[in-house]
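Note sheet for the following structure.
The values are calculated or read from the model by the stated rules, or taken from the named source; none is laboratory data. Worth saying up front: this structure is predicted, and the values here are computed from it rather than measured. Here Cβ is always computed from backbone atoms with ideal geometry, including for glycine, and neighbour counts include all displayed protein chains.
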Amino acid sequence: MTFAVTVLTLYPEMFPGPLGVSLAGRASSEGRWSLDAVNIRDFAADKHRTVDDTPAGGGAGMVLRADVLAAAIDGVADGRPILAMTPRGAPLTQARIRDLASGPGAIVMCGRFEGFDERIFEARAIEQVSIGDYVLSGGEMGALVLLDACIRLLPGVMGAPSSGVDESFETGLLEYPHYTRPSTWEGRTIPEVLRSGDHAKIAAWRKSMAEADTRSRRPDLWERHEGARVQPPSGARRRKKDE
Ligand code: SAH
């Protein structure tokens, strides 16, 4: 099945961009995913093809008009999830990416200027997502990030079927560190255990490194990971909260 992507953007020429090369590019020529970059401006109703206007209440910048966005969405909607790129959205997670990648595809709406007229989110079923706590000049690069993360998970895209299972975030932890030849470089050697050939010992070392690195680099992830291990089942917790 082809993972069908439609991107709504003012800059369709930014696509496929980096998704045209390497893993994603090959997967596209193999028909594993498809991309349609649609210009939001094609849905403007006036002769000047206006897509934006000044913010109600004043302030800097321009806001994308809800009527134009709705026309664009309604022109392509077919049951695929509709996502809008915005720093006000829920931070994307590997779990959400995995979920999306197992579906039929996605419609991804890219903002520009100050963003979208808020009423579009009341009037249409749109999931607002963010790629992180920083501000981009447009949603296109965010869309590329989201799509790259999905495409590599599509069946047949990654080399070995097992690649990905150990990866960062899949287990709620960061991945363990990697090493490759030469075995000594600038006086530094590869950890002895990785050259031992003892698979159980290697697995134990990798697990402990993943845990230690997550604890020190991402205390937020570590806390959630530890919390998930010691918490009672969600039913029990909910009852307790309701009391
Ligand atoms: N005024 C907005 C930012 C607008 S940036 C605010 O402060 O919330 C212009 C566009 O870039 C946004 O509409 C969105 O589509 C995109 N964008 C910026 N930062 C993003 C992020 N962290 N994640 C996803 N999209 C982002």
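Quick one: ILE126 ticks every box in (1) within 16 Å of the ligand (Cβ to nearest atom); (2) touching a residue at least 60 places away in the same chain (Cβ under 8 Å); (3) surrounded by 20 or more Cβ atoms within 10 Å (Cβ to Cβ) bar one, so which box is it?
(2)
Within the range 178-195, is even one residue surrounded by 12 or more Cβ atoms within 10 Å (Cβ to Cβ), without any contact (Cβ under 8 Å) to a residue 40 or more places away in the chain and not assigned by TED's automatic domain parsing to the domain that holds ASP220?
Yes, some residue in the range 178-195 is surrounded by 12 or more Cβ atoms within 10 Å (Cβ to Cβ), without any contact (Cβ under 8 Å) to a residue 40 or more places away in the chain and not assigned by TED's automatic domain parsing to the domain that holds ASP220.
Can you name every residue in the range 146-192 that is touching a strand residue (DSSP E or B) at 6+ places or on another chain (Cβ under 9 Å) and within 16 Å of the ligand (Cβ to nearest atom)?
Selection gives LEU146, LEU147, CYS150.
So, of the residues in the range 1-20 that are of a type outside the set (A, V, I, L, M, F, W, C) and assigned to a helix (DSSP H, G or I), which turns out to be nearest to MET62 (Cα to Cα)?
Step one: of the range 1-20, the residues of a type outside the set (A, V, I, L, M, F, W, C) are 2, 6, 9, 11-13, 16-18, 20.
If we keep only those that are assigned to a helix (DSSP H, G or I) too, we end up with 12-13, 17-18, 20.
Details: PRO12: 20, GLU13: 22, GLY17: 26, PRO18: 28, GLY20: 31 Å.
Looking at residues that are of a type outside the set (A, V, I, L, M, F, W, C) and assigned to a helix (DSSP H, G or I), I get PRO12.
Hey, can you tell me all the residues within the range 96-117 that are touching a residue at least 40 places away in the same chain (Cβ under 8 Å) and either among the charged types (D, E, K, R) or within 11 Å of the ligand (Cβ to nearest atom) (or both)?
ARG98, VAL108, MET109, CYS110, GLY111, ARG112, PHE113, GLU114, GLY115, PHE116, ASP117
Can you name the number of the only condition in (1) buried (at least 17 other Cβ atoms within 10 Å of the Cβ); (2) more than 16 Å from the ligand (Cβ to nearest atom); (3) part of a helix (DSSP H, G or I) that LEU35 fails?
It fails just one condition, (3).
Check the range 48-59 and report whether any residue there is closer than 14 Å to CYS110 by Cα and either in contact (Cβ under 8 Å) with a residue 24 or more places away in the chain or not aromatic (Phe, Trp, Tyr) (or both).
Taking every residue of the range 48-59 in turn, at least one turns out to be closer than 14 Å to CYS110 by Cα and either in contact (Cβ under 8 Å) with a residue 24 or more places away in the chain or not aromatic (Phe, Trp, Tyr) (or both).
In the range 82-95, what residues are within 14 Å of the ligand (Cβ to nearest atom), of a type outside the set (Val, Ile, Thr) and either under 11 Å from the mean Cα position of the chain (by Cα) or surrounded by fewer than 20 Cβ atoms within 10 Å (Cβ to Cβ) (or both)? Can you show your working first?
So in the range 82-95, the residues within 14 Å of the ligand (Cβ to nearest atom) come out as 82-93.
Imposing the further condition that a residue be of a type outside the set (Val, Ile, Thr) reduces the set to 83-85, 87-92.
Residues satisfying the conditions are LEU83, MET85, PRO87, ARG88, GLY89, ALA90, PRO91, LEU92.
If the requirement is being small (Gly, Ala, Ser), surrounded by 14 or more Cβ atoms within 10 Å (Cβ to Cβ) and not in a helix (DSSP H, G or I), which of these qualifies: GLY142, GLY132, GLY103, GLY79?
Criteria check complete, one pass: GLY103.
Does ARG229 meet the test of being at pLDDT 95 or above, exposed (fewer than 12 other Cβ atoms within 10 Å of the Cβ) and not hydroxyl-bearing (Ser, Thr, Tyr)? Can you show your working first?
Numbers: at pLDDT 95 or above: no; exposed (fewer than 12 other Cβ atoms within 10 Å of the Cβ): yes; not hydroxyl-bearing (Ser, Thr, Tyr): yes.
In short, no.
Could you check, for the range 45-58, whether at least one of its residues is over 27 Å from CYS150 (Cα atoms), hydrophobic (A, V, I, L, M, F, W, C) and surrounded by 15 or more Cβ atoms within 10 Å (Cβ to Cβ)? Before you say what the answer is, go through the steps one by one.
Filtering the range 45-58 for residues over 27 Å from CYS150 (Cα atoms) gives 45-58.
Imposing the further condition that a residue be hydrophobic (A, V, I, L, M, F, W, C) reduces the set to 45, 51, 56.
From the residues that got through so far, the ones that are surrounded by 15 or more Cβ atoms within 10 Å (Cβ to Cβ) too are 51.
Among the residues of the range 45-58, at least one is over 27 Å from CYS150 (Cα atoms), hydrophobic (A, V, I, L, M, F, W, C) and surrounded by 15 or more Cβ atoms within 10 Å (Cβ to Cβ), which makes the answer yes.
Given the structure, is ASP42 assigned to a loop (DSSP other than H, G, I, E, B) and of a type in the set (Asp, Glu)?
So ASP42 does not fit the description; no.
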